[in-house]
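Note sheet for the following structure.
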Amino acid sequence: TPIPGATNQCNTGSLQCCNSVYESQSQNGALLASLAGVNVQDVTGLIGGNCSPLSVVGVGSGSKCSQAPVCCENNSYSGLVVVGCSPVN
């Protein structure tokens, strides 16, 4: 099932595979942002936790991201949190 708002490519930022993804204004998103010292009021899009880079070649061709592939706007905090993300199919 396609994810609402998802795209098939990452034109800006970096492609990440995250173990958890939350809306930036949700309780979990705010908690994750605060742990990384990020002001959630400055964040748009999704917040990903425990993320690792994913190669563009891997998307849609048997990639090993079994969780949540997202495209994030080059924001990494503490190596564990990415912000400004949007879902990728």
Checked pairs for segment 70-89, first of a type in the set (Asp, Glu), second modelled with pLDDT of 85 or more and in a strand (DSSP E or B), C-beta under 9 Å and 6 or more apart or across chains, list as 73/82; 73/83; 73/84; 73/85; 73/86
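Residue-wise test of (1) at pLDDT below 85; (2) touching a Ser or Thr at 6+ places or on another chain (Cβ under 8 Å).
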{"site": "50", "(1), (2)": "no, yes"}
{"site": "56", "(1), (2)": "yes, no"}
{"site": "59", "(1), (2)": "yes, no"}
{"site": "63", "(1), (2)": "yes, yes"}
{"site": "70", "(1), (2)": "no, yes"}
{"site": "73", "(1), (2)": "yes, yes"}
{"site": "79", "(1), (2)": "yes, no"}
{"site": "84", "(1), (2)": "no, yes"}
Residue list for segment 30-47, filter: under 14 Å from residue 86 (Cα atoms), of a type outside the set (Ser, Thr, Tyr) and modelled with pLDDT under 90 | 43, 45
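The values are calculated or read from the model by the stated rules, or taken from the named source; none is laboratory data. Remember, it's a predicted structure, so these values are computed and weren't measured experimentally. No Cβ is skipped: glycine too gets one built from the backbone with ideal geometry, and neighbour counts run over all protein chains shown.
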